[in-house]
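Since the structure comes first, as structure tokens, the remarks are kept for the end.
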Amino acid sequence: MQGGGQGPLSYLRRSHGGEVVVRLKNGIELVGRLTSFDDMMNIVLEDAKERDLRTKEIVRSVGTLFIRGNNVLFITLEE
Amino acid sequence: MQGGGQGPLSYLRRSHGGEVVVRLKNGIELVGRLTSFDDMMNIVLEDAKERDLRTKEIVRSVGTLFIRGNNVLFITLEE
Amino acid sequence: MQGGGQGPLSYLRRSHGGEVVVRLKNGIELVGRLTSFDDMMNIVLEDAKERDLRTKEIVRSVGTLFIRGNNVLFITLEE
Amino acid sequence: MQGGGQGPLSYLRRSHGGEVVVRLKNGIELVGRLTSFDDMMNIVLEDAKERDLRTKEIVRSVGTLFIRGNNVLFITLEE
Amino acid sequence: MQGGGQGPLSYLRRSHGGEVVVRLKNGIELVGRLTSFDDMMNIVLEDAKERDLRTKEIVRSVGTLFIRGNNVLFITLEE
Amino acid sequence: MQGGGQGPLSYLRRSHGGEVVVRLKNGIELVGRLTSFDDMMNIVLEDAKERDLRTKEIVRSVGTLFIRGNNVLFITLEE
Amino acid sequence: MQGGGQGPLSYLRRSHGGEVVVRLKNGIELVGRLTSFDDMMNIVLEDAKERDLRTKEIVRSVGTLFIRGNNVLFITLEE
């Protein structure tokens, strides 16, 4: 389960280029195209949008976003 | 107790593919099939659902979920 | 005092298989049989029960529990 | 995705010399020219300005600013 | 000042077997016999008692206690 | 951008001996002469003064100050 | 600036045996004779006293004190 092909990061890898939802520890929810990430969970999202946690409505567009990994709570790969 | 076969991670390994409940530090409780994890407790849950901490009712489905390990409080392997 | 036989972890080792009380940083108190632990204080408790911090009454059973070490405040080895 | 040219840091590198918006964990938002950064996300911004999170109005100029990386929430590379 | 004999840990070593007061970050104050500790400040106290921060009255006995080091604020070696 | 001469720390180095403003995570703002620092952002300020975050008035003088790096939010090199 | 003789720790070294004021992250202020410290900022103070942050009055004597380094905010070397 911890090998290269089966570890948690391999699931992120499969979502490369697809839309994901990144929930941050402080409750902010960001939707965007997963363009890059590393082992620390530093993430680059393109066409990123902040959305309301309850209504799921887009609050504003934030373009290309670099997220520092230690702020990530979880990432929804397919809803 | 700290060898490969007897350490805490070995208990997670035995639950591979089974349903577990992941409680996060911020109080969120997630139920799902344990599909992957690593030493940092990064976890992938499939068919993940968020449930109410008290009533245990499903609040919403979140699909395939990547959880960053440092947010994990504890994992219930068998209820 | 820091050798293998005398360090703090050696006290945990002696409690292997016995009942311990794990207090988490967030105030949750868990009682259970100490089945496994590692250097990070990742812990597996069997027959785990959550109990009220004041009354010491059992609030609910949580079965086999994997606790991520960084959430541990202290562990009572013998009351 | 984790190679030198494609990792998240490579996106920061492309923004070198351009204007970025740095959101800190404590909610402060800083706009400025990205002059330097390292792996820890330590960042130097020149002509830095603090702006209001909602109205986006400039609250005050803070000149050349060294930001300690662990405070960074996310960085907007292009709005 | 950072040699084996003169570093801060050497002061803990001298208190081995004696009664110390451990103040935790969350304000809990524990008195007990210092039986073991390591570089991380993991500590084992025997005959441990929780006492009131203001009145210094014993609130309850907690027996043999393993404290995870990262929760320690300070340790009073001699009052 | 991450080489010795161009990294963020090189900007701190240029401010050596000059007056800087150090904002701590807890909101305290300290002004003083930057006398020493290291990779962890441990900092020594001489003729240090605590000032009010809003009015910028000096609240009190604190002399020579050693600041533990992990508390630093950002450092204003030139206002 | 990061050499042995000029780094921030060298300033602590010069204060060895002298009275310093240690401000902790949680706002506690401790005055005492700096007897020992290490790279983590673990500190031993002798004749330590807790004092009121505003009035600077001594609240109580705490004798010989071992402070875990990660709780230190800053240290006033000369007031």
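The values are calculated or read from the model by the stated rules, or taken from the named source; none is laboratory data. Predicted, not measured: the structure shown is a model, and the values here were computed from it. Cβ: placed from backbone, ideal geometry, glycine included. Neighbour counts: every protein chain shown. These area figures cover heavy atoms from the full protein model, side chains too; ligands, DNA and RNA do not enter into them. Shrake-Rupley method; radii C 1.70, N 1.55, O 1.52, S 1.80 Å.
What to note about this one:
- Of all residues in chain G, the one whose Cβ lies closest to the rotation axis carrying G onto F, together with that distance in whole Å, is G:N70, 8.
- Segment G:55-79 and segment D:15-79: distance between their alpha carbon centers, rounded to Å: 34 Å
- Evaluated on chain B, the Kirkwood hydrodynamic radius is 12.7 Å, with distances taken between all distinct Cα atoms.
- Computed with a 1.4 Å probe over protein heavy atoms only, the accessible surface of the protein assembly as shown comes to 42 Å² per residue.
- Within the shell defined by Cβ-Cβ distances under 11 Å, the residues around C:N42 carry a net charge of -2, with Lys and Arg each +1 and Asp and Glu each -1.
- Computed from the Cβ-Cβ distance with R0 of 25 Å, the FRET efficiency linking E:R14 to G:R14 stands at 0.50.
- Couplings 3J(HN,Hα) of segment C:57-67, computed from phi: 6, 5, 8, 6, 8, 10, x, 8, 10, 9, 9 Hz, in residue order, whole Hz [Karplus 6.51 cos²θ - 1.76 cosθ + 1.60, θ = phi - 60°; x for Gly and Pro].
- Subset of B:K56/C:K56; A:K25/C:K56; B:K49/C:K49; D:K25/D:K56 violating a 29 Å alpha-carbon distance limit: A:K25/C:K56
- Sites listed here are trypsin sites (Lys or Arg not before Pro) in chain A whose DSSP assignment is loop and whose Cβ has at most 13 other Cβ atoms within 10 Å: A:R54, A:K56.
- In chain C, the DSSP-assigned H stretches of four residues or longer account for a calculated mean residue ellipticity at 222 nm of -2000 deg cm²/dmol, using -39500 (n - 2.57) per stretch and the full residue count as denominator.
- GNM top mover of E:L30, E:L53, E:L65 - chain E, alpha-carbon springs below 10 Å: E:L53
- Overall Cα dimensions of the protein assembly as shown - principal axes, largest extent first, Å: 61, 61, 36
- Per-residue average of Cβ from other chains inside 10 Å of E:33-45: 5
- Highest-fluctuation residue, B:V31, B:V22, B:V62 considered, GNM on chain B with Cα pairs under 10 Å: B:V62
- If you take all other residues with their beta carbon under 14 Å from the beta carbon of E:R54, and give Lys and Arg +1 and Asp and Glu -1, the sum is -1.
- Other-chain or far-sequence residues with amide H under 5 Å of A:V59's (modelled H): A:E50, A:R51, A:D52
- The local environment of A:N70, defined by Cβ-Cβ distances under 10 Å, has a net charge of +4 under the rule Lys, Arg +1 and Asp, Glu -1.
- Ordering A:N42, A:Y11, A:L53 by Cα displacement along the dipole of segment A:8-76 toward the positive end leaves A:L53 in first place; charges were set at the Cβ atoms of Lys, Arg (+1) and Asp, Glu (-1).
- For the chain pair B and C, buried accessible area totals roughly 2100 Å², probe 1.4 Å, rounded to the nearest 100.
- The protein assembly as shown - percent of accessible surface contributed by carbon and sulfur, probe 1.4 Å: 45 percent
- Using C-alpha pairs below 8 Å separated by at least 6 residues, the relative contact order for chain A is 28 percent.
- Hz values of 3J(HN,Hα) by residue in segment A:48-56 - Karplus curve (6.51, -1.76, 1.60), Gly and Pro given as x: 6, 9, 8, 10, 6, 5, 8, 7, 6
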